[in-house]
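Inspection log for the structure reproduced underneath, given as structure tokens.
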Amino acid sequence: GQLPEPLQRAARTRLFEHYLATASKVVDSSDARGWIDSERANLIAVAGAAAVEWPSLTIGFAITLSRYLDARAYYTEAQSLAERALDAARTMGDQSSEAVVLNELGSVHNRVHQYREALALHEKALGLHRELGDRSGEGLALYGLGIVAWRTGRYTDALTDVQRALELF
């Protein structure tokens, strides 16, 4: 027979938390990156499935996997995951996570040369980080704006943004 729904939900929760905890431990380990390579599709699927019932896990997956997905140039997956995490953060009313994910999503758009979108996302992140008093997050948003400015040939703006970011760090 089938397990009752509360037991199924508890099992899914444990599975999703296990995947996130494991990914968090191995994402920065060159020895264990093979695990993420082989489990990438499952991690993305779990992050998406978690969005409705466990939005904080979706946010956790997006933040945890962002560097890995960027380093491997899995930009489509990074964008999809960040968009789900952004929806999750907004649904939860978690402005701190929303600001972090806006920066991540801005970086993805920057990588694929969608500078207008990247600029708008980093500006939104900057506003939220300032509102929250998060100087480190504000620095990351300014750094993202500096990269956009540099890539679009606005070198003076790029230098100004990056210098302001360094002051905040």
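Name the residue, out of Leu57, Leu102, Leu86, that is over 20 Å from Glu138 (Cα atoms), open to solvent by less than 30 Å² (accessible area, probe 1.4 Å) and in a helix (DSSP H, G or I).
Leu57
Among the residues of the stretch 143-164, is there at least one that is in a helix (DSSP H, G or I), surrounded by 22 or more Cβ atoms within 10 Å (Cβ to Cβ) and within 17 Å of the chain's Cα centre (by Cα)?
Initial filter on the stretch 143-164 (in a helix (DSSP H, G or I)): 143-151, 155-164.
In the following step, the residues that additionally are surrounded by 22 or more Cβ atoms within 10 Å (Cβ to Cβ) were identified as 144-146, 148, 161.
Next, from what is left, pick out any that are within 17 Å of the chain's Cα centre (by Cα): 144-145.
Yes, that holds for at least one residue.
Residue by residue through the stretch 12-28, note down the ones that are over 16 Å from the mean Cα position of the chain (by Cα) and open to solvent by 50 Å² or more (accessible area, probe 1.4 Å).
Selection gives Arg12, Arg14, Leu15, Glu17, His18, Lys25.
What pairs come up if the first residue lies in the stretch 145-169 and is acidic (Asp, Glu), the second is open to solvent by 90 Å² or more (accessible area, probe 1.4 Å), and their beta carbons are under 8 Å apart, counting only those six or more places apart or on different chains?
Pairs that qualify, where the first residue is acidic (Asp, Glu) and the partner is open to solvent by 90 Å² or more (accessible area, probe 1.4 Å), are Asp161/Tyr143.
The values are calculated or read from the model by the stated rules, or taken from the named source; none is laboratory data. Treat the numbers as computed from the prediction; the structure is a model and nothing was measured. Quick reminder, even Gly has a Cβ in these numbers, built from the backbone with ideal geometry, and neighbours come from all protein chains shown. Accessible surface is based on the protein model in full, side chains and every heavy atom, while ligands, DNA and RNA are left aside. Shrake-Rupley method; radii C 1.70, N 1.55, O 1.52, S 1.80 Å.
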